[in-house]
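Colleague: Pasting in a structure now, in structure tokens, and then I'll have a few things to ask.
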Amino acid sequence: MPLATLIGRWAMKPFSKALPPLGDTERAALEAGTVGFEGRLFAGRPDFDVLAAMGPNQLTEREQAFLDNEVRALCHMLDDHAIDQARDLPPEVWRFLREKRFFGMIIPEEFGGLGFSHFAHATVVTRIATINTATAVTVMVPNSLGPAELLLRYGTDAQKDHYLPRLADGRELPCFGLTSPYAGSDAASIPDRGVVVEREFEGRMTRGFLVDFDKRYITLAPVATVVGLAFHAVDESRPEGQRELGITCALIPVPHEGMEIGRRHRPMDSAFMNGPIHGRQVFVPMDWIIGGDKQVGQGWRMLMECLAAGRAISLPALGSAMQQTALYVSNGYGQIREQFGMPVGKFHAVAGLVAQMSAELYATDAARRFTAAALDKGERPSVASAILKVQLTEAGRRAVNHGMDILGGKGIIYGPSNLLGVAYRQAPIAITVEGANILTRALIVFGQGAVRCHPHVLDEMAAVQAGDETALGKALMAHGRHVATNLWHSLFGAPVLGEPPEDLLPEARLVARMSAKYALTADLAMGMLGGKLKRMELLSARLGDVLAHLYLASASIWRYRVDGAPELLPFAQAAIRLQLDEAGKILRDLYANLPTAGRRVIGALVLRRTAHLAPLRDVQLIELAELLRKNPRIVERLAPDLSEPAAGGLRDLMHAMELSAQLGDTTAALNKVLRRTNSLEEAASSALDPELALAYLKAADKVIQVDDFKGPPRGADGKADLNPPAAASTAPVAPPVQPAPPPSVRPPERTIPPRVPAM
């Protein structure tokens, strides 16, 4: 009997118990995406020639022209504070979005759309988001989270011909209802059900579904004209055990009998539209099922295949925008604001934060661009897209938090000139939606990654399911060789496969070694814990995080090669080392928490010779901050998507920084005179170009000042009058304020969404 068969026979029973069972929804999720470079990292064998083969991101002339013209014009229309106050986009912005077909970026030109690449789509959303998140969300949902992609992939010809031109030019505004009150992160368990029926519809007998549903947190629902809906399809005419057909996706026009658009949600009081949708006995003809009869029950697979692309674009774009804006604001304000006789950006505490923000932005944006390139080559990287969603939204939140610390009092004063307040308030939204980060790290990044990215686990699971002892034995033998190789590489050094950029060869060696250590650790954890690891989210999340940091470090190597920007070498090196240091910390924490007796010995062996992964020294951080302070071109390269708004604090800061660049190093002398004289005019008169100097001092003063508002009235004694007299009897009496209705499961609703300004 062959050795493989003997091994398989011996292992079949224990492996059947140890391997985690796969449900239908998990299987669909696993089969939906493709594996890219993250698979090589999981295997402990990153090949840097494979990175290089991805090539740079490219925009067509048409895409570049759209960014230079339409996107720039849109950003010039956006006033973040005014939109936040109004809790809606201005009518002229709605019209512009429609006229210029922002809602049809992913729709091919043959259907009236723009037919943009994934990278172009991501760049448009990022640039808008640097100015106003609400507008960016309004644009991104129809392109990445709406029905358009589902129609393009699975729709019938009739559905495509009807809806795609109308979605492209904004005649139809879509939303997609997936999340239910009792099924959020566990979206596959939505309780919404549709039963197959036949009834008269539009004058003829029509087969379809009678659906009951409750959806919430649905972006664009309050203004949608067509609702994408996910529900469980049931055919009660079938035998017992065959009635459940699976999750199904449909398109329902608004208004439609039985469907109600609920009142508006206000996620962190944001201006973008969001709300619930309810349906009672809603008839959905079979022609409204996306893809028709043949796609009934295929909705979960459809969503998993399409959400991977959207997850890699939409929320990572928001995270990148937050990082770019926070870096620009922190670096710029740090140069203008002085304390103790020098710019606050020169204080090491501030400089260190700014340097860390720049290094992290280099890595996260590298990963975002690398994944967009993979999407444009036809890949569907479900694990990589989850990595992006988690890492970029968390990095965005960290960057805004750091920026708020640097701004100090300026940052916490509300008003039009506030620089990061709206972003600070809204940062948790991106963390939460499209799969909460706290679960995505464990369930998708590692949960799916352990099966999809591992070179042997999927083969083992397939062999166990088929009861094939020989196939299981062969897979286990290959798995054993894989573990032995990674053990050797972990202890004695891993080879560098391919040719990384010469400037980054030391960093590439570190990536190769850490990848081997990670691959070995993942195998040890899965081998020791088996199926229990699936439920131990604290451990599996750590394993997912290490893979994520390796992915970001690898993407940084790719970015340095394709950018052709040697001035960014210090930032590339810092980015990689910070990511690897974080990976090393997480691995140490993981070994400290493994519930096995030998974890300390194993961890000590695996993690030996990792001192070189120490974070950047303080002097290196200060050098990075100095480069940012002295060279505006570097800031432009790190934050290329930052756009100029219509008004507000960011525009004021941009103006002040432009004047500062014209003055050069003379700003320090100007500020010294200003401190002595306390006169803008007198300080400016000391400069070689008094007119330019005065313009700068006024602009800088505007940046430093904060907004104020009318306070309570004061009496004749100058004291605040906290009990002002009632209004004169001649004045009209305001009607009494009605108390807000108490919250309820089903608040009053309207059936038709408000009109959005037409083209």
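Quick note: the coordinates plus some simple rules give every number you see, no bench work behind them. Note that this is a predicted model, so its numbers are computed, not measured. Here Cβ is always computed from backbone atoms with ideal geometry, including for glycine, and neighbour counts include all displayed protein chains.
Colleague: What's the longest bit of the chain with no exposed GluC sites (Glu not before Pro), using DSSP loop states and at most 16 other Cβ atoms within 10 Å as the test?
Modeller: 258-748
Colleague: Ok, one more. Tell me the relative contact order for region 174-289 as a rounded percent, counting alpha carbon contacts under 8 Å between residues six or more apart.
Modeller: 30 percent
Colleague: For the residue pair HIS256 and ASP49, what label-to-label distance in nm results when each label sits 7 Å from Cα along the Cα-to-beta-carbon direction?
Modeller: So the two model labels end up 5.3 nm from each other.
Colleague: VAL619 to MET286: extension gain in nm, 0.36 nm per residue of separation minus the Cα-Cα distance?
Modeller: This chain segment gains 113.3 nm when fully extended.
Colleague: Suppose each label sits 7 Å from its Cα in the direction of the beta carbon; what would the HIS76-GLU658 distance come out to in nanometres?
Modeller: 1.1 nm
Colleague: Let me ask another. To the nearest µm²/s, what D does Stokes-Einstein give for region 277-370 at 4 °C and 1.567 mPa s, using the Kirkwood radius over alpha carbon pairs as Rh?
Modeller: Here the translational diffusion coefficient equals 74 µm²/s.
Colleague: What is region 484-577's relative contact order, in percent, from Cα pairs under 8 angstrom and six or more apart in sequence?
Modeller: Contact order relative to length: 30 percent.
Colleague: Considering the zone a paramagnetic label at LEU3 would reach in this model (a point 7 Å from Cα along the Cα-to-Cβ line), which residues of region 476-492 have amide N under 20 Å from it?
Modeller: Correct set: 476-488.
Colleague: Using a Förster distance of 45 angstrom, determine the FRET efficiency expected from the C-beta separation of GLU244 and GLU110, and round it to 0.05.
Modeller: After rounding, the FRET efficiency stands at 0.75.
Colleague: Let me ask another. With the convex hull built on the Cα atoms of the chain, state its orientation-averaged projected area in nm².
Modeller: 41.8 nm²
Colleague: Whole-Å semi-axes of region 174-289's equivalent ellipsoid, largest first, each the root of 5 times a Cα gyration tensor eigenvalue?
Modeller: Equivalent ellipsoid semi-axes, largest first: 26, 17, 9 Å.
Colleague: Just to check I understand the Karplus step: with θ = phi - 60° and J = 6.51 cos²θ - 1.76 cosθ + 1.60, what whole-Hz values come out for region 589-598, glycine and proline as x?
Modeller: Here the 3J(HN,Hα) series is 5, 5, 5, 5, 10, 5, x, 9, 5, x Hz.
Colleague: On the principal axes of its Cα set, how long, how wide and how thick is region 304-437? Give whole Å, largest value first.
Modeller: If we take the Cα atoms of region 304-437, the spans are 56, 26, 20 Å.
Colleague: Across 5 Å bins from the origin, how do the percents of Cα pairs in region 61-168 run, short distances first?
Modeller: Pair shares across the bins are 2, 12, 24, 24, 18, 11, 6, 2, 0.
Colleague: Still on this model: Check which residues have an amide H placed less than 5 Å from PHE283's amide H, if you skip close sequence neighbours.
Modeller: VAL211
Colleague: How big is the C-alpha Rg of region 649-704 next to the rule-of-thumb value 2.2 N^0.38 Å, as a ratio?
Modeller: Rounded to two decimals, the normalised Rg is 1.01.
Colleague: Sticking with this structure for a sec: In sequence order, what are the phi-derived ³J(HN,Hα) couplings for region 89-97 according to the Karplus relation 6.51 cos²θ - 1.76 cosθ + 1.60 with θ = phi - 60°, rounded to whole Hz, with x for glycine and proline?
Modeller: Taking θ as phi minus 60°, the curve returns 6, x, x, 5, 6, 4, 4, 4, 4 Hz for region 89-97.
Colleague: How far apart, in nm, are two points set 7 Å out from the Cα along the Cα-to-Cβ line at GLN339 and at ILE438?
Modeller: Using points 7 Å along Cα→Cβ, the separation is 3.3 nm.
Colleague: Over 12 Å apart: what share of the alpha carbon pairs of region 118-160 falls there, rounded to a whole percent?
Modeller: The calculated P(r) of region 118-160 puts 62 percent of pairs beyond 12 Å.
Colleague: Check which residues have an amide H placed less than 5 Å from GLY275's amide H, if you skip close sequence neighbours.
Modeller: So GLY275 has HN proximity to TYR217, ILE218, THR219, LEU220, ALA221, HIS265.
Colleague: Also, quick follow-up: Let me know the Rg and Dmax you get for region 524-596 when you use only its Cα atoms, in Å.
Modeller: That works out to 15.7, 48 Å for Rg and Dmax.
Colleague: Quick one: which residues, 5+ away or cross-chain, put their amide H under 5 Å from the amide H of GLU434? H built at 1.01 Å from N.
Modeller: Here the answer is none, since no amide H 5 or more places off falls under 5 Å of that of GLU434.
Colleague: Using θ = phi - 60° and the Karplus form 6.51 cos²θ - 1.76 cosθ + 1.60, what ³J(HN,Hα) does each residue of region 124-133 get, whole Hz, x for Gly and Pro?
Modeller: Along region 124-133, the couplings run 4, 5, 4, 5, 5, 5, 5, 9, 8, 5 Hz.
Colleague: Distance between the C-alpha centers of region 243-259 and region 389-451? Whole Å please.
Modeller: 34 Å
Colleague: A follow-up question, please. How long is the gain from GLU200 to ARG637 if the chain were fully straight, where each residue apart is worth 0.36 nm and the alpha carbon distance is subtracted?
Modeller: 151.2 nm
Colleague: I've got another one for you. Which pairs in the list LYS377/LYS474; LYS630/LYS672; LYS532/LYS585; LYS346/LYS698 are over 25 Å apart, alpha-carbon to alpha-carbon?
Modeller: LYS377/LYS474
Colleague: What is the extension gain from ARG266 to TRP488, computed as 0.36 nm multiplied by their sequence separation minus the C-alpha to C-alpha distance, in nm to one decimal?
Modeller: Contour length minus the Cα-Cα distance gives 74.5 nm.
Colleague: Return a whole-number percent for the relative contact order of region 61-168, with Cα pairs under 8 Å and 6 or more residues apart as the contact set.
Modeller: 29 percent
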